[in-house]
Amino acid sequence: MSHTPQSLLCLIEEMGLTHVTVEHPPLRTVEESKRLRGALVGAHVKNLFLKARLRGRMRIHVLLVALEDRPVNLGLLRRCMGFKGLSFASEADLLALLGILPGSVSPLALVNAPAGAVILLLDSALQSSDWINFHPLSNGLTTRMSCADFCVFLDRVGVEPRWIDLPLSED
């Protein structure tokens with residue numbers, strides 16, 4: 001069963017995690033978010049849902065979450081992570097694995113993902129943020145959580161993130 005924004009927020013509350021959720025016009029891009037989100041406190045992120053190829057024909061899905069202004073070089077990411085190929089996943093994969101539509105990509109959607117179906121890569125700079133803002137399965141809502149509560153959420157839904165330093169370099 002896929003969660004809805006309301007059932008996800010109830011789950012977060014049942015976990016005893018602190019959050020603040022606000023409604024706003026749907027935000028589809030970082031540029032729209034900066035223009036329309038208002039004065040939401042905390043770090044704002046961009047989320048890239050990707051498909052990668054490992055050795056042979058094995059394919060995996062990757063959700064990269066980075067500070068919104070961080071440059072992301074997919075070629076460097078591919079090489080640093082040891083992927084043989086890396087590209088954007090399809091809308092069908094997004095719906096099938098995370099139960100969401102484009103524009104609503106968020107690590108909170110991993111609550112809907114089958115165990116081990118998606119690798120979560122997090123920008124290590126997020127660890128120094130007091131508050132982080134995510135879409136709770138809808139790009140018309142933003143939920144603010146502490147980094148600590150976000151990590152508890154991930155643990156409770158069975159997701160082990162990989163923290164990476166962005167921007168990547170070839171050094």
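Coordinate-derived values only; no laboratory data. This one's a predicted model, so the numbers in the text were calculated from it and none came from an experiment.
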>> How large is the Rg to Rh ratio of region 1-152 when both quantities use alpha carbon positions and Rh follows Kirkwood?
In response: 0.95
> Using Cα pairs under 8 angstrom and six or more residues apart, how large is the relative contact order of region 1-85, in percent?
Replying inline: 20 percent
> Summing -39500 (n - 2.57) over the DSSP H runs of n ≥ 4 in the chain and dividing by its residue number, what mean residue ellipticity at 222 nm do you reach, to the nearest 500 deg cm²/dmol?
Replying inline: -7000 deg cm²/dmol
> What residues qualify as long-range amide H neighbours of Val45, i.e. H under 5 Å apart, gap of 5 or more or another chain, H built at 1.01 Å from N?
Replying inline: Glu68, Asn133
>> Give me a comma-separated list of calculated 3J(HN,Hα) values for region 88-95, in order, Karplus coefficients 6.51, -1.76, 1.60 applied at θ = phi - 60°, integers in Hz, x for any Gly or Pro.
In response: 6, 6, 7, 4, 5, 5, 4, 5
> HN-Hα J couplings of region 12-20 from phi, Karplus 6.51/-1.76/1.60, θ = phi - 60°, integer Hz, Gly and Pro as x?
Replying inline: 4, 5, 4, 6, x, 8, 7, 8, 10
> Mean separation of Cα pairs under 8 Å and 6+ residues apart, divided by the residue count of the chain: what relative contact order is that in percent?
Replying inline: 30 percent
> Separation of region 131-151 and region 6-80 by C-alpha centroid, Å?
Replying inline: 9 Å
